[in-house]
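The values are calculated or read from the model by the stated rules, or taken from the named source; none is laboratory data. Since the model is a prediction, treat every value here as computed from it, not as a measurement. Positions of Cβ are backbone-derived with ideal geometry, glycine not excepted, and every protein chain shown enters the neighbour counts.
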2 protein chains.
Amino acid sequence: MVSKNQIKLITSLQQKKYRQTHQLFLAEGVKVIQELLVSNFMLEHLFVTENLFESVSSDKKTLISESDLKKISCLSTPNNCLALFKIPSDKKILLDGLVVALDEVRDPGNLGTIIRLCDWFGVKQIICSNNSVDIYNPKVVQATMGSVSRVNVVYTNLVEYLSNSKQEIFGTFMDGKNVYKEQLPQNGILVLGNEANGISKEIENLITQRLAIPRFGDLQKTESLNVATATAIFLSEFKRLQ
Amino acid sequence: MVSKNQIKLITSLQQKKYRQTHQLFLAEGVKVIQELLVSNFMLEHLFVTENLFESVSSDKKTLISESDLKKISCLSTPNNCLALFKIPSDKKILLDGLVVALDEVRDPGNLGTIIRLCDWFGVKQIICSNNSVDIYNPKVVQATMGSVSRVNVVYTNLVEYLSNSKQEIFGTFMDGKNVYKEQLPQNGILVLGNEANGISKEIENLITQRLAIPRFGDLQKTESLNVATATAIFLSEFKRLQ
């Protein structure tokens, strides 16, 4: 059984302010929860509709009905499990290899996909501007497919951070240098911008290397690439011959 | 004003069977409609809530209220315009340069993103298996951001088509050859598979070159890449030095 108070608490976690108040976030589905369980994240409680996750002790696990799961799930088609995990206390920035910085990326699916790409390409650190979408947004957690447990994501004042950085700062612009022809280093910060407006003016002034993915289609008409697909291509270029 | 019959017709077009019956599809938003208007697609009718698209003759355009637009829109936050376009009659396959073949890609957002990527990289032809998501699904049309007008998408029996093809057929597999180290040609067919199951067995047997994007993260744990981000990286590799 899930009590009314539990339902109220759990559904409130779909909003950032309540995640911050309770320092908890939601994860759904066996795959995502499994990955979080074997990571450094601390389980607060697990709700299951069948016998799953035998390693989790019974005081941390409640068997509930499918209709109860529907009441607490964020998904239109709920899975068979939902977990609450503790939000870790402030994480440090790890400057090891290439770092990805996100300047106001707002779409949860895009952030989730970028985290998954960083995981694939061995990028260990993402630095988000404070106005980027929250990593503990349930849609982000789902879209990462568990990669959220393996990439360190930190929110900060990105202008201040980049102003004080001694590293090379790469930015992606339509008029940048052809990324396919540049010698790319193993270290540095790669900045990707907002879905609609790209990199903000303040951050643009801090970029030391302007890069672009050349277009091959009709130059007059083609839209820009989506931020997640652009990230895929840039990470591939930085890593391809390492 | 939009009549009850019009509302019924237009909302029915969210389903494939009614799109096929009426040979019409929906597009929303100024950007997408603008791109379709300057393409070979034929406008059936346009609904606007304000004075837009002055070049469209008045017999093809109806000024409606925002509440009427809400009744016919597929979007949770409707735009200021919605158009019906005719589905073109059977299109021929253009074998010019690299061709992308999709084996049961089901997610509308993925197909939309792949069409946008093909447009960017100058790939003019996509061949979809008959069980792939319909290009005229409103979510696909929206996700392409207008690129749907510049890439030729054809549905066919993919097994039969590839069996009769004389071209080299590239497929993407976890155990394929490192794509970063292969000499890739300017012509050929690149096959991408279903989101959950990858390339089907029948199609796998027809692949002449197995390719993979190497992983750089934790080899044991990292999920596979999403089909749209994998497409971004493969197209980038085929085109980067052309």
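List of remarks:
- In summary, A:Glu182 fulfils each of the numbered conditions (1) over 22 Å from the mean Cα position of the chain (by Cα); (2) over 26 Å from B:Ala228 (Cβ atoms) with the single exception of condition (2).
- Residue selected from the range B:103-133 under the condition in contact with a strand residue (DSSP E or B) (Cβ under 8 Å, 6 or more places away or on another chain) and among the acidic types (Asp, Glu), by the criterion farthest from B:Phe25 (Cα to Cα): B:Asp103
Okay, residues lined up against (1) at pLDDT 95 or above; (2) assigned by TED's automatic domain parsing to the domain that holds B:Leu111; (3) in contact with a Ser or Thr (Cβ under 8 Å, 6 or more places away or on another chain):
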{"position": "B:Ile199", "(1), (2), (3)": "yes, yes, yes"}
{"position": "B:Glu202", "(1), (2), (3)": "yes, yes, no"}
{"position": "B:Asn205", "(1), (2), (3)": "yes, yes, no"}
{"position": "B:Gln209", "(1), (2), (3)": "yes, yes, no"}
{"position": "B:Pro214", "(1), (2), (3)": "no, yes, no"}
{"position": "B:Leu219", "(1), (2), (3)": "no, yes, no"}
{"position": "B:Ser224", "(1), (2), (3)": "no, yes, no"}
{"position": "B:Thr229", "(1), (2), (3)": "yes, yes, yes"}
{"position": "B:Ile233", "(1), (2), (3)": "yes, yes, yes"}
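- Taking the range B:47-85 as the range and being under 19 Å from B:Phe25 (Cβ atoms) and in contact with a Pro (Cβ under 7 Å, 6 or more places away or on another chain) as the test, the residues that pass are B:Leu69, B:Cys74.
- Residue among B:Leu211, B:Leu158, B:Leu162 that alone is surrounded by 14 or more Cβ atoms within 10 Å (Cβ to Cβ) and touching a helix residue (DSSP H, G or I) at 6+ places or on another chain (Cβ under 6 Å): B:Leu211
- One residue from A:Ile33, A:Ile64, A:Ile93, A:Ile72 being out of contact with any Cys (no Cβ under 8 Å at 6 or more places or on another chain) and closer than 26 Å to A:Cys118 by Cβ: A:Ile93
- For the condition closer than 30 Å to B:Leu235 by Cα, away from chain A (no Cβ under 14 Å) and either β-branched (Val, Ile, Thr) or within 18 Å of the chain's Cα centre (by Cα) (or both), B:Glu35 does not qualify.
- In the set A:Val56, A:Val48, A:Val38, A:Val2, only one residue is closer than 18 Å to A:Ser147 by Cα and either modelled with pLDDT of 95 or more or hydrophobic (A, V, I, L, M, F, W, C) (or both); that residue is A:Val38.
- Every condition in (1) in contact with a Phe, Trp or Tyr (Cβ under 9 Å, 6 or more places away or on another chain); (2) within 13 Å of chain A (Cβ to nearest Cβ) holds for B:Ala143 except the one numbered (1).
- The residue that is surrounded by the most Cβ atoms within 10 Å (Cβ to Cβ), counting only those in the range B:101-125 that are within 13 Å of chain A (Cβ to nearest Cβ) and among the hydrophobic types (A, V, I, L, M, F, W, C), is B:Ile114.
- Selected residue (only one of A:Leu192, A:Leu206 is hydrophobic (A, V, I, L, M, F, W, C) and either within 14 Å of chain B (Cβ to nearest Cβ) or touching an Asp or Glu at 6+ places or on another chain (Cβ under 7 Å) (or both)): A:Leu192
- Restricting attention to the range A:119-164, the residues being modelled with pLDDT of 95 or more and of a type in the set (S, T, N, Q) number 10.
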